[in-house]
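Peer 1: One structure is given below, represented as structure tokens, and several questions about it will come after.
Readers should treat all values here as calculations from the given coordinates under stated rules, not as data from a laboratory. Values in this document were obtained by computation on a predicted structure and should not be read as measured data. Note that we place each Cβ from the backbone using ideal geometry, even for glycine, and neighbour counts take in every protein chain shown.
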Amino acid sequence: MADYLTEHQRSLAEPSAYWLEQASDIHWYTPPTQGVNTSHTPSGTWFADGQTNACYNALDRHIQAGRGEQAALIHDSPVTNTHSVLTYTQLQDQVAHFAGVLINQGVDRGDRVMIYMPMIPEALIAMLACARIGAIHTVVFGGFASKELAVRINDCSPKLIVAASCGIEPGRIVEYQPLVEQAIAQAEQSLNTCIVFQREQCHWTLKADRDLDWQAVMAQSQPVDCVPLKSTDPLYILYTSGTTGSPKGVVKDTGGSIVSLKWTMSAIYNVQAGDVYWAASDIGWVVGHSYIVYGPLFQGCTTLMYEGKPVGTPDAGAFWRVIQQNKVKVLFTAPTAFRAIKRMDPDGALLADYDVSSLQALYLAGERCDPDTLQWAQEKLNVPVIDHWWQTETGYSICANCQGIEALPIVPGSPSVAVPGYDVQVLDNNAKPVATGDIGSIVVKLPLPPGTFVDLWQANDRFTSAYFSRFPGFYETGDAGFIDDNGYVFVMSRTDDVINVAGHRLSTGAMEEVLSNHPDVAECAVMGVNDELKGQLPVGLVILNAGCDKSHQQISAELVQKVREDIGPVAAFKSVAVVEKLPKTRSGKILRGTLRSIANSTDWNMPATIEDPSVLNDITDSLKSLGLAK
Ligand code: COA
Ligand code: AMP
């Protein structure tokens, strides 16, 4: 491959030619002649006249090329103490049969199928079966509660839901039946069919007129072939947090996703067919979609699905055991996972028990990576540790140190440089470029490269207004940061109310909605405060209605429980303080920046616009009672 600068410049100078060249690396029923088309949407659509299929590119293609007996999927599950392998032929057989099950249930091309499953092979099988027949999957992370499921059911009206009887968290079984039933009861859209994979740890009591047993329907189905799809047909919808309580249904197309993800496997991760690739994430997140399921399989790798945690399953040596046992070449996870390991085993003593020599690189993403964690990992593992920055919307890295193009110097604190296809710039509030090194909004000049989002599901106006209106001609990433003299990008914080808890993207707005719905709450604010392990944690401040005689402790417990029930345990919402007033501007806006600075004990200036400065004393005392504002 060419050196980084040449490659990057060419990708921007002639995007259609550049990506049509990469497109020749995948299987097409009808190869595209068109690259990008910007006439319908600000982001651009890709390869409009091509026909392809993601499942064919993930499985059938490799079997035809002689990889049928190679391991396609390793399931490594310390929480069930099991380890299993499916070859490409075995995986294709299961996927083709499950595609038959979907057809038998009347699922057509373009129909939505919701998948609510833990990290088990059947989740990946269900996703690929949808892709095989042109159904659009929408996976919901198992740590979300029933209300979040209901919101998604209403938004995309799935034909059916595929679920498992339970997920397994260290120390507890998460029963899915009550969560799914509550969601169906709460949703306005009807959902009449659940296909249930029974796990031995917990039984789902099947309802005769609604529930189908996975094993039973698989036994009755015939395998079906891949269907040629338009490149622009949606592959999946994945919901992500925005600034309001209603999540955004990010839509990815078929052709662009295959071309870009396959390309990233060699260009960014430097892995080839036959290599073992492990993304220690969850299929409910974009990292899981792109790098547990699609990317590694498009490349003919062996993908590793891990049902466990970095610590506690059984100890902080879990990752080293998985690398040794499965000969992992590349590991991808969130910095928080390494912070958790480092906290339990600061000297990396457990590494001495394992042979991790198969590992050639560690990739981190999902949140800002603090230099300490990066350096610790690099020192202990003695491999390049690559921080890279991306989002659900883009599906792969916007910035990375592309190991398959040219390994550039690693600069801790920066996810390196713009990936080919992305023209990354930093603008001020007037949409003017800032000086090198100055902080501003990070944007990407349009068009976006293939594989990035093409719409928000049934919310095209929101798609345009949320991402393309503030900076005309650019995609607004929602992140703030700067670019240095060498073109290295530094991503410092969000510009909206999205926070990042243990690598999970959550909306403080959604949590505020839950708190305000409590009958005793008059007003509230939720903010993200810094946390050594999880990066950020949400903290709530509430003002109670006059006449509420409950103790603060009781109110606080009720609110914590409510967020757990409505959003899910993954929100990790555990701290609430009752206050008399919130600091506001004279025009009534809550001064969130000031609140955050006080909570994080960082320097702050009294805002000129504050209505009543004395409020801040009360707030500081309340935050101190939560162990903050030291
Ligand atoms: N189903 C149900 N509940 C889940 C869940 C799932 N799939 N995933 C997490 N939860 C629950 C946890 O059990 C926990 O519940 P609790 O409040 O009863 O203890 C809560 O959600 C918070 O979970 P988490 O943020 O994962 O914290 P943790 O303390 O259990 O673990 C880490 C901390 C750092 C070990 C863990 O967050 C981790 O491995 N992070 C990696 C992040 C990652 O993969 N990010 C994806 C982007 S790359
Ligand atoms: P998600 O859509 O859940 O993948 O979250 C995307 C957001 O996580 C980004 O907009 C950033 O705010 C943050 N993020 C992801 N990767 C990085 C990184 N390497 N450095 C800094 N922030 C990151």
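Peer 1: Cross-link partners among lysines for Lys327, C-alpha distance below 21 Å, same-chain residues fewer than 8 apart left out?
Peer 2: The qualifying lysines are Lys309, Lys380.
Peer 1: Which residue, chosen from Ser556, Asn270, Ser11, occupies the Cα position most advanced towards the positive end of the dipole of the chain, where the dipole is computed from +1 (Lys, Arg) and -1 (Asp, Glu) charges on Cβ about the Cα centre?
Peer 2: Ser556
Peer 1: Give me the dipole magnitude in Debye, nearest 20, for the stretch 502-625 about the Cα centre, with unit charges on the beta carbon: positive for Lys and Arg, negative for Asp and Glu.
Peer 2: In total the dipole reaches around 300 debye.
Peer 1: Considering Cα pairs under 8 angstrom that are at least six residues apart, work out the relative contact order of the stretch 302-397 and quote it in whole percent.
Peer 2: Result for the stretch 302-397 is 27 percent.
Peer 1: Going down the table (Lys147/Lys574; Lys230/Lys445; Lys342/Lys624; Lys584/Lys624), which pairs top 24 Å between alpha carbons?
Peer 2: Lys230/Lys445; Lys342/Lys624
Peer 1: Below 8 Å, C-alpha to C-alpha, sequence gap of six or more: please give me the relative contact order for the stretch 152-241 in percent.
Peer 2: For the stretch 152-241, the relative contact order is 27 percent.
Peer 1: Something else now. In whole angstrom, note down how far apart the Cα centers of the stretch 5-41 and the stretch 608-630 are.
Peer 2: Result: 53 Å between the Cα centres.
Peer 1: Sorted by average packing, counted as other Cβ atoms within 10 angstrom per residue and highest first, what order do 70-79, 621-630 take?
Peer 2: Highest-to-lowest ranking by the protection proxy: 70-79, 621-630.
Peer 1: Can you tell me the length gained on complete extension of the stretch Asp603 to Leu533, counting 0.36 nm per residue apart and subtracting the Cα distance?
Peer 2: 23.0 nm
Peer 1: How long is the gain from Ala546 to Glu580 if the chain were fully straight, where each residue apart is worth 0.36 nm and the alpha carbon distance is subtracted?
Peer 2: 11.2 nm
Peer 1: Still on this structure: Between Gln378 and His83, what is the label-to-label distance in nm when each label sits 7 Å out along the Cα-to-Cβ direction?
Peer 2: If labels sit at Gln378 and His83, their model points lie 3.2 nm apart.
Peer 1: So which aspartates and glutamates can Lys534 reach, going by Cα to Cα under 15 Å and dropping same-chain residues fewer than 8 places off?
Peer 2: Result set, ordered by chain and number: Glu367, Asp370, Asp372.
Peer 1: Could you give me the percent of Cα pairs per 10 Å distance bin for the stretch 484-553, shortest bin first, beginning at zero and ending with the bin that holds the maximum distance?
Peer 2: 18, 37, 26, 12, 4, 2, 0
Peer 1: Determine, from the Cβ-Cβ distance of Gln64 and Ser24 and an R0 of 25 Å, the FRET efficiency 1/(1 + (r/R0)^6), rounded to the nearest 0.05.
Peer 2: Computed FRET efficiency for Gln64 and Ser24 comes out at 0.90.
Peer 1: At 222 nm, what helix-only mean residue ellipticity would the chain give, in deg cm²/dmol to the nearest 500, using -39500 (n - 2.57) for each DSSP H run of four or more?
Peer 2: Mean residue ellipticity, 222 nm, calculated: -8500 deg cm²/dmol.
Peer 1: Measuring from a point 7 Å past the Cα of Gln553 along Cα-to-C-beta, which residues in the stretch 608-630 have an amide N at less than 20 Å?
Peer 2: Inside the label zone: 622-628.
Peer 1: Additional query: Starting from the Cα coordinates of the chain, work out the convex hull volume and express it per residue in Å³.
Peer 2: Looking at the chain, the number lands at 156 Å³ per residue.
Peer 1: Could you calculate the contour length gain from Thr495 to Thr620, that is, 0.36 nm times the residue separation minus the distance between their Cα atoms, to one decimal place in nm?
Peer 2: Length difference between fully extended and current span is 42.6 nm.
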